[in-house]
Amino acid sequence: MTTTTPTTGRPFGRPRAAWLAGAGVVLIALNLRLSISSASALLDALQTDLGFGAAAAAALPALPTLSFAAAGFFTGRITRRLGAERTVLLALAALTAGLTLRGIPATWALLGGTVLGMSGLALCNVLLPTLLRAHFPARITLLTGVYTTVMALGSTLGAAVAIPLAAWAGSPSLGLAVWAMPALLATLMWALVRAPEARPASSSDANGTYISHPASASGSPR
């Protein structure tokens, strides 16, 4: 008769999953204000270079605010369909694509890329606190402090280096497009993150509750 000895080792997957989620949260937080503050710093240079009028100049800084306002309406619907983690991944992909589009030296690309990118950014902004509660229920205060600090640093960095970066790139449009690289890095990192196991299905809507995608919640791969 064969006997089986149960193993009592630590589940090595859990620390790795926590590190991936933590790194993803930090990268998302870094991107939350980078593209907004850099565009504000380059507004005059963009208007001179692209030659757009007062209407576009007024619309550009207003688009992030409008996108963030609309996010509260759409985030819950998208999350109920895709799950929180997939929604954030889709949002990061939209942010990366929008920031890349802004590298085209044309007014339509600047405005269209801003709408696309800020829509993705708004979804991340709404869902990030919810993801902290889902992935780090015992460290919410610590991680909230970390992402708030990183977000503020990203805002300062974007405003501080936007003009020198545009001069180095050769145009303000290309200077804005450079910020697609940290957005792409956040996208690639978040693609490795999975929903936490053994967590009840709920919603990441305006009430701040959490939805894990059904496939992820059952432990099957996405």
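The values are calculated or read from the model by the stated rules, or taken from the named source; none is laboratory data. All figures in this text were calculated on a predicted structure; none of them were measured in a lab. In this analysis, Cβ positions are derived from the backbone assuming ideal geometry, glycine residues included, and neighbour counts consider all displayed protein chains. For the accessible areas, the whole protein counts, side chains as well, though only heavy atoms, and no ligand, DNA or RNA atoms are used. Shrake-Rupley method; radii C 1.70, N 1.55, O 1.52, S 1.80 Å.
Only residues that are under 19 Å from ASP49 (Cα atoms) and hydroxyl-bearing (Ser, Thr, Tyr): list them for the stretch 173-190, please. SER173, the sole residue that qualifies.
Regarding the stretch 36-52, can at least one residue be identified that is of a type in the set (Phe, Trp, Tyr), open to solvent by 10 Å² or more (accessible area, probe 1.4 Å) and at pLDDT 85 or above? Checking the stretch 36-52: at least one residue is of a type in the set (Phe, Trp, Tyr), open to solvent by 10 Å² or more (accessible area, probe 1.4 Å) and at pLDDT 85 or above.
With respect to the stated conditions, ALA93 is open to solvent by 10 Å² or more (accessible area, probe 1.4 Å), among the small types (Gly, Ala, Ser), modelled with pLDDT of 95 or more and assigned to a helix (DSSP H, G or I).
Scanning the stretch 99-109 for residues being in a helix (DSSP H, G or I) and crowded, with 24+ Cβ neighbours inside 10 Å gives a total of 1. Of all residues in the stretch 55-73, none that is within 17 Å of LEU34 (Cα to Cα) has its Cβ atom under 8 Å from the Cβ atom of a residue that is outside any helix (DSSP H, G or I) and of a type in the set (A, V, I, L, M), 6 or more apart or on another chain. Are any residues in the stretch 122-133 closer than 12 Å to LEU90 by Cβ and either of a type in the set (Lys, Arg) or open to solvent by less than 10 Å² (accessible area, probe 1.4 Å) (or both), and if so, which ones? Passing the criteria: CYS124, LEU127.
If you go through the stretch 134-158 and keep only what is open to solvent by 50 Å² or more (accessible area, probe 1.4 Å) and either outside any helix (DSSP H, G or I) or hydrophobic (A, V, I, L, M, F, W, C) (or both), you end up with PRO137, ALA138, ARG139, ILE140, LEU142, VAL146, ALA152, LEU153, LEU157. Among the residues of the stretch 58-75, just one is touching a helix residue (DSSP H, G or I) at 6+ places or on another chain (Cβ under 8 Å), hydroxyl-bearing (Ser, Thr, Tyr) and either exposed (fewer than 14 other Cβ atoms within 10 Å of the Cβ) or farther than 20 Å from SER155 by Cα (or both), namely THR75.
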